[in-house]
Amino acid sequence: MSKFPEKANVIIVGLGGIVGASVAHHLIERGWDNIVGIDKSAIPTDIGSTSHASDFCYATSHDFLSCWTTMYSIDFFEKRGRYAKVGGLEVARVGDDARMDEIKRKVASGKAFGTRAELVDPAFIKEKFPLIEQDMVQGGLWDPDAGLVAPRSQTVAGELVDEAVASGKLQAFGNTPAQDLVIENGRITGVVTHRGTIHADKVIVCAGLWGRLISEMAGEDLPVMPVDHPLTFFGPYTEFEGTGKDIGYALLRDQGNSAYMRDTGDPKTPEGGQIEWGYYEETNPRLCHSRDILEKEEARLSPSQRDLDMEQIIEPLERAMELTPILAELGYRESHSFNGLLQVTTDGGPSIGPSQKVKGLWYAVAIWVKDAPGMAKLLVDWMTDGRTEIDHHAIDYARFYPHQMTEDFIHDRCTETAMKIYNPAVHPREPFSKGRDIRRSPFWEREKELGGYFMELGGWERAHGYAANEHLLEKYGNQVPERANEWDSRHFWRVSNAEHLEMTANCGIVNLSHFAMYDVEGPDHVALIEYVCAAKIGGDNMVGKGIYTHFLDDAGMVRADLTVFRMAERCRVVDGADAGPRDFDYLRRTADEKGFDVTVTDVTEKFTTIGIWGPNARETLKKVVEDPAGLDPENFPFAAIKPIRIAGKDVSAFRISYVGEQGWELHMKYEDGLAVWDALRETGVMAFGVETYANSRRLEKSLRLQNADLLTEYNLYEADLSRPKVKEADFRGKAKHQEYREREHQPAMLCTLVMTDNTDASGVARYPVGIMPVQDPATGKTLVDEMGRLSYTTSIAYGPTIGKNIALAYLPWSHCKKGNKLQVEYFGETFPVEVAAVGYEPLYDPENLKPRT
């Protein structure tokens with residue numbers, strides 16, 4: 001073994017697994033050298049999840065990023081000659097119509113995201129997997145690109161490390177656990193091991209199951225937990241004897257039973273001659289903290305392979321035997337079977353990216369084999385270029401709020417996600433039941449009294465509608481359709497559409513306490529905000545204004561969408577709850593990297609916000625303010641921020657509208673919020689739920705949402721949110737932004753679509769939720785632009801004022817014509833849509849006159 005180094009350019013903690021080894025490979029591919037990798041086990045690992053992983057890959061998901069990383073990984077393994085592309089089935093049993101519906105959704109998502117999944121009948125399923133009882137399945141999905149990393153991902157990890165070492169750019173040290181991190185002035189400077197301390201200004205934690213122990217050394221936590229995954233083997237199975245294959249038949253997922261199954265090929269291959277059956281526990285998942293994992297010498301099999309009690313799995317195993325009787329015919333191999341630890345997370349996504357507390361420290365944890373090379377590429381591109389080719393908000397470690405990093409929250413949310421790994425299908429609007437009631441508005445009790453239907457975002461409890469308003473359904477019932485399909489109506493309250501119409505006709509107030517708010521102060525506060533924002537911030541004439549703006553990345557793509565309140569002594573960033581933590585982290589990180597002398601402070605919980613909108617908003621607000629005349633248009637211009645007083649409380653009123661009506665955002669201290677709410681309610685004004693604000697009226701106004709319609713895969717011109725002129729001051733992404741401006745036309749544009757017929761084959765009117773592919777009716781193919789980006793709906797909602805389902809989607813320039821006829825696919829059926837607007841053009845009040853009245 002080579003001498004233990006004292007310095008490196010980058011250290012990988014956890015080199016021996018498929019994640020760490022893939023990171024090393026991609027670092028070298030991108031030009032990094034002098035890399036040191038350490039692992040607490042042998043290399044490749046003999047104790048981590050990679051050592052026992054089932055190693056199969058399916059590219060079936062409702063998430064574009066996950067599909068992208070899986071498809072990249074499949075290609076990566078295949079090019080190395082380490083992939084058996086046998087294809088994969090997902091089946092729905094007779095009687096399980098909900099699972100069949102979910103399979104139809106998966107096929108549609110596959111078309112949206114570029115996979116080749118297709119619907120298949122029972123005969124096809126039997127052909128690909130002869131061990132199944134054909135009459136027990138009603139249909140399924142076929143993923144022709146699914147397969148197995150062969151012979152093992154552990155083998156691939158070892159090969160990647162060997163190649164990296166042979167290149168002279170990596171030094172690898174097994175059986176060398178990280179004992180501590182060296183942190184000086186908030187920056188990583190090294191890693192302590194029993195062999196000595198290695199100094200480096202970049203450290204990547206790929207420690208998998210033990211990742212939380214490493215993050216603890218940095219004073220933070222990772223929102224992940226290991227969970228038992230029952231893995232059983234039956235044999236001997238000799239069907240593929242003499243073939244040399246690692247797997248013979250296709251992979252099989254029986255997700256309605258929360259299980260999967262495969263053969264292990266020729267008995268002479270590693271672990272061959274068996275049937276493997278795996279299960280994910282839906283009702284009682286067994287999680288553990290990283291600190292409770294046994295050491296190697298303490299474990300019977302391995303620290304990540306724990307003893308399996310047959311009682312855990314007897315009921316689902318019996319159901320599996322009905323579907324695939326071979327399991328009952330073969331012998332159960334108890335000595336081979338175990339609970340394999342894998343990682344689940346609080347929101348279903350991995351934690352990748354820079355530490356929130358320590359500069360130079362990076363994480364790559366909670367990544368499964370099917371995504372490992374793809375996620376490694378994203379991480380290394382991010383480290384090298386400062387960005388990734390696809391939007392990575394869903395995996396960014398900075399996405400978590402402090403309350404989401406507490407041990408109880410992590411345990412509760414990980415438990416809930418563990419219960420839904422395979423079954424039941426997760427609804428696009430599905431709220432978490434655990435980790436709730438953490439952040440409440442000052443008027444939360446009032447909302448409860450109104451019968452609020454609460455969902456949660458960023459920890460904030462938000463009412464989407466109120467039972468107290470259900471009398472409005474008598475008034476507006478003919479404009480508020482009932483949703484006969486249960487999936488379409490799930491987690492939706494019909495009253496919210498009635499509230500929408502009443503606000504449009506009269507006035508209403510809405511709880512906006514979920515806004516994330518950050519104060520930027522110090523000598524360079526204007527300079528920093530000017531640099532990160534595409535809109536003009538500087539200049540004395542901007543003081544007292546609210547400025548809608550965007551952060552762009554270095555490639556000129558849209559990174560954030562928010563409002564800046566320009567005050568005399570500070571800038572206040574007002575952001576959405578979903579994007580807030582990332583933008584807060586980004587501001588602090590940018591200030592440090594560019595040397596701006598500022599402090600960035602989270603003031604979210606110090607203030608609260610109420611929106612008041614509708615044609616009678618001004619007259620309603622006049623009833624409670626001390627200076628009613630101050631609200632008149634000549635005294636309070638649009639987009640201005642002015643102080644007012646309500647119920648003896650100081651309020652900052654911002655004349656703006658996200659719902660396309662006259663009105664204001666009212667910002668005040670948190671402790672003053674209840675008095676202001678009560679004063680407004682005493683006027684008789686209706687409280688309406690956030691459903692109108694966030695969905696139905698937003699779509700009627702063609703307003704864009706960050707992390708849905710606005711992504712780093714598209715520029716500001718494609719989103720049609722660019723300013724008439726590019727400001728003189730420099731800002732991040734300006735050069736590329738100007739380059740895009742010079743194009744004759746953009747490769748794609750964000751367009752507004754309306755469903756012209758939403759009746760399905762059964763005669764039921766559908767109100768879609770989630771993502772749908774946008775297709776050419778002549779070919780049935782998903783549209784794709786010249787950059788290779790596929791078209792799918794990024795937002796969709798029923799607009800009760802318009803009376804149609806409205807969606808946003810990026811379309812190739814060739815299809816950006818108003819009136820163009822296209823189609824979307826939903827639950828296996830196609831529905832006609834029409835391009836109602838190219839770029840930003842609201843369907844409701846297209847001239848935007850109402851907010852300025």
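So the values come out like this:
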| read-out | value |
| --- | --- |
| Filter result (buried (at least 20 other Cβ atoms within 10 Å of the Cβ), in a helix (DSSP H, G or I) and among the polar types (S, T, N, Q)) within region 381-423 | Thr417 |
| Residue, nearest to Ile771 (Cα to Cα), within region 117-147, restricted to residues that are of a type in the set (D, E, K, R) and free of Cβ contacts under 8 Å to residues at least 40 places away in the same chain | Glu118 |
| Check on Leu341, at pLDDT 95 or above and either under 22 Å from Arg93 (Cα atoms) or open to solvent by 10 Å² or more (accessible area, probe 1.4 Å) (or both) | no |
| Scan of region 416-446 for residues that are under 20 Å from His403 (Cβ atoms), more than 18 Å from the chain's Cα centre (by Cα) and either acidic (Asp, Glu) or at pLDDT below 95 (or both), ordered by number | Asp437 |
| Condition check for Ala761: in contact (Cβ under 8 Å) with a residue 40 or more places away in the chain, open to solvent by 20 Å² or more (accessible area, probe 1.4 Å) and in contact with a Ser or Thr (Cβ under 6 Å, 6 or more places away or on another chain) | no |
| Those strands (runs of 3 or more DSSP E) lying entirely in region 739-853 with at least 1 residues within 30 Å of Pro724 (Cα to Cα), β-branched (Val, Ile, Thr) and at pLDDT 95 or above | 748-755, 793-799, 804-812, 829-838 |
| Complete set of residues in region 162-199 that are hydrophobic (A, V, I, L, M, F, W, C) and free of Cβ contacts under 8 Å to residues at least 40 places away in the same chain | Val165, Ala166, Val182, Val192 |
| Cβ pairs under 9 Å, 6+ apart, first in region 92-105 and under 11 Å from Trp487 (Cβ atoms), second among the small types (Gly, Ala, Ser) and part of a helix (DSSP H, G or I) | Ala98/Gly256; Glu102/Gly256 |
| Residues of region 656-666 satisfying the condition of being in contact (Cβ under 8 Å) with a residue 60 or more places away in the chain and within 14 Å of Ala639 (Cα to Cα) | Ile656, Ser657, Gly660, Glu661, Gln662, Gly663, Glu665 |
| Residue in region 93-106 that is within 30 Å of Ala708 (Cα to Cα), open to solvent by 10 Å² or more (accessible area, probe 1.4 Å) and part of a strand (DSSP E or B) present | no |
| Residue tally, condition hydrophobic (A, V, I, L, M, F, W, C) and open to solvent by 20 Å² or more (accessible area, probe 1.4 Å), over region 474-503 | 4 |
| Hits in region 601-627 (condition: open to solvent by 30 Å² or more (accessible area, probe 1.4 Å) and touching a Ser or Thr at 6+ places or on another chain (Cβ under 7 Å)) | Lys623 |
| Residue count for region 3-34, restricted to those that are outside any loop (DSSP other than H, G, I, E, B) and under 27 Å from Ala150 (Cβ atoms) | 13 |
| Close pairs from region 678-692: first in contact (Cβ under 8 Å) with a residue 24 or more places away in the chain and hydroxyl-bearing (Ser, Thr, Tyr), partner part of a strand (DSSP E or B) and open to solvent by 10 Å² or more (accessible area, probe 1.4 Å), Cβ under 9 Å, at least 6 apart | Thr692/His464 |
| Pairs, first free of Cβ contacts under 8 Å to residues at least 40 places away in the same chain in region 240-258, second acidic (Asp, Glu), C-beta under 7 Å, six or more apart | Phe240/Asp263; Phe240/Asp266; Glu241/Asp266; Gly242/Asp266; Thr243/Asp266; Gly244/Asp266 |
| Qualifying residue in region 474-482 (condition: out of contact with any helix residue (DSSP H, G or I) (no Cβ under 7 Å at 6 or more places or on another chain), assigned to a strand (DSSP E or B) and more than 19 Å from Ile656 (Cα to Cα)) | no |
| In region 310-346, the residues that are of a type in the set (Lys, Arg) and not in a loop (DSSP other than H, G, I, E, B) | Arg319 |
| Residue within region 581-600 that is within 26 Å of Lys649 (Cβ to Cβ), touching a strand residue (DSSP E or B) at 6+ places or on another chain (Cβ under 6 Å) and open to solvent by less than 50 Å² (accessible area, probe 1.4 Å) present | no |
| Residue list for region 205-222, restricted to those being surrounded by 23 or more Cβ atoms within 10 Å (Cβ to Cβ), closer than 15 Å to Ser355 by Cα and not β-branched (Val, Ile, Thr) | Cys206, Ala207, Gly211, Arg212, Ser215, Leu222 |
| Of all residues in region 546-590 being of a type in the set (Lys, Arg) and part of a strand (DSSP E or B), the one that is nearest to the chain's Cα centre (by Cα) | Arg559 |
| Criterion: open to solvent by 10 Å² or more (accessible area, probe 1.4 Å) and more than 30 Å from Tyr476 (Cβ to Cβ) - qualifying residue of Pro846, Pro777 | Pro777 |
| Among the residues listed as Leu699, Leu705, the single one being open to solvent by 20 Å² or more (accessible area, probe 1.4 Å) and closer than 20 Å to Ile802 by Cβ | Leu705 |
| Pairs with Cβ under 8 Å, 6+ apart, first in region 630-653 and farther than 17 Å from Phe607 by Cα and among the charged types (D, E, K, R), second surrounded by 13 or more Cβ atoms within 10 Å (Cβ to Cβ) and at pLDDT 95 or above | Asp632/Arg618 |
| Residues satisfying the stated conditions in region 725-743, i.e. on the phi > 0 side of the Ramachandran plot and in contact with a helix residue (DSSP H, G or I) (Cβ under 7 Å, 6 or more places away or on another chain) | none |
| Residue, nearest to Val161 (Cα to Cα), within region 35-55, restricted to residues that are small (Gly, Ala, Ser) and assigned to a loop (DSSP other than H, G, I, E, B) | Ala42 |
| Tabulated pairs, region 27-42, first open to solvent by 30 Å² or more (accessible area, probe 1.4 Å) and of a type in the set (D, E, K, R), second at pLDDT below 95 and in a helix (DSSP H, G or I), C-beta under 9 angstrom, 6+ apart or interchain | Lys40/Lys296 |
| Gly265, sole failed condition from (1) of a type outside the set (Asp, Glu); (2) in a loop (DSSP other than H, G, I, E, B); (3) open to solvent by 10 Å² or more (accessible area, probe 1.4 Å) | (3) |
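Condition check ((1) of a type in the set (A, V, I, L, M, F, W, C); (2) under 22 Å from Ala218 (Cα atoms); (3) open to solvent by less than 10 Å² (accessible area, probe 1.4 Å)) across all residues:
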position	(1), (2), (3)
Lys296	no, no, no
Arg300	no, no, no
Asp307	no, no, no
Glu334	no, no, no
Val369	yes, no, no
Leu378	yes, no, yes
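The values are calculated or read from the model by the stated rules, or taken from the named source; none is laboratory data. None of these values were measured; they are calculated from a predicted model. We place every Cβ from the backbone using ideal geometry, glycine too, and count neighbours over all the protein chains shown. Note: accessible area is taken over every heavy atom of the protein model, side chains too, but ligands, DNA and RNA are not part of it. Shrake-Rupley method; radii C 1.70, N 1.55, O 1.52, S 1.80 Å.
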